[in-house]
Amino acid sequence: MKSFASLASLLLVAGSAAAHYTFPNLIVGGTKTADWVNVRQTNNFNSQAPVTDVTSADFRCYDSATNPTAQTIAVAAGSTLGVGCDQGIYHPGVVNVYMAKAPSGNVSTFDGSGAVWFKVYQISAVTDGGTSISWPAQNLDSVSFTVPKNLPTGQYLVRLEAIALHVASTFGGAQFYLSCGQVSITGGGSGTPGPLVSIPGVYTGNEPGILININYPIPANYTQPGPAVWSG
Ligand SMILES: *[C@@H]1O[C@H](CO)[C@@H](O)[C@H](O)[C@H]1NC(C)=O
Ligand SMILES: *[C@@H]1O[C@H](CO)[C@@H](O)[C@H](O)[C@H]1NC(C)=O
Ligand SMILES: [Cu+2]
């Protein structure tokens, strides 16, 4: 067991960088891929700084400065797909995972523009009417979900966003940690994913789950931002 003193000095040494994080890899068939191979390298790969403007072009894949290419990895429909976090999800907040199908069939050349994104997974807050609030996504090293069995075969962007809410009580205070991976879904079905949204465009920043004081008074309920999850 760590002593309090060593834990305190660890936190001191780690400093503010430890407070931020990126999502640089995928977990496919239980195996973690190398960083920034199947995930487009984000602008913050060194700084780990978040996006705070939900209307900016970088709110989509946060890669305007890196202009990255990534390799596309095969993932079976109905299987478990994970997205790894470099330092763990440090801040209290929630997670959404969106996907978008490459219309050309080749996700390498797909920029994710248009109303093409649907939500496949979320981790929300747990509330109990105002006595307590907890954040199941906090401290996770990765986020795993089941790829819908009925998702059509084809190539997709997978965009994870972890919304940090520790200083979200003023407009623009919520911090978005995000990245886009490239997957080729195999053995898919004939589902019709939706509702479809544009990113940016899906949020204004005024949503009750984004512009929120999570500390006082303790929120009685929490509304997850974005559309309903499509589970096929
Ligand atoms: C997809 O596009 C990339 C980038 O232009 C290219 O290198 C790759 O060969 C393409 N893949 C297929 C299967 O056409
Ligand atoms: C809680 O529910 C009320 C009533 O539906 C709603 O107006 C409010 O925005 C919700 N609060 C949060 C933080 O989602
Ligand atoms: Cu941080």
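For this structure, a couple of remarks:
- The mean sequence separation of alpha-carbon pairs under 8 Å and at least six residues apart, normalised by the residue count of the chain, gives a relative contact order of 25 percent.
- Simple spin-label estimate for residue 67 and residue 141 in nanometres, 7 Å along Cα-Cβ: 3.6 nm
- Pairwise label distance in nanometres, residue 76 with residue 216, each label 7 Å out on the Cα-Cβ vector: 5.3 nm
- Computed on the Cα trace of region 130-198, the radius of gyration divided by the Kirkwood hydrodynamic radius gives Rg/Rh = 1.07.
- Set of region 22-58 residues, backbone N closer than 19 Å to the point 7 Å along the Cα-Cβ line of residue 108: 26, 34-42
- Size of charge dipole - region 21-198 - debye, nearest 20, with Cβ of Lys, Arg +1 and Asp, Glu -1, no other charges: 420 debye
- For the chain, the longest principal axis of the alpha carbon atoms and the long axis of helix 4-14 meet at an angle near 50°.
- The phi torsions of region 170-179, fed into the Karplus equation with coefficients 6.51, -1.76 and 1.60 and a -60° offset, translate into couplings of 10, 4, x, x, 5, 10, 10, 9, 8, 7 Hz, rounded to whole numbers, with Gly and Pro shown as x.
- Both radii were evaluated on the Cα set of region 178-232; the Rg over Rh quotient, with Rh as the Kirkwood radius, amounts to 1.09.
- Considering all C-alpha pairs of the chain, those separated by over 22 Å amount to 51%.
- The HN-Hα couplings worked out from phi for region 143-154 by the Karplus form 6.51 cos²θ - 1.76 cosθ + 1.60 (θ = phi - 60°) are 10, 10, 8, 8, 5, x, 4, 8, 5, x, 4, x Hz, whole numbers, x standing for Gly and Pro.
Just so you know, all these numbers are worked out from the coordinates, no wet-lab data involved. What you see is a predicted model; the values in this text were computed from it and never measured. Using ideal geometry, Cβ is built from the backbone for each residue, glycine included, and neighbour counts are taken over all protein chains shown.
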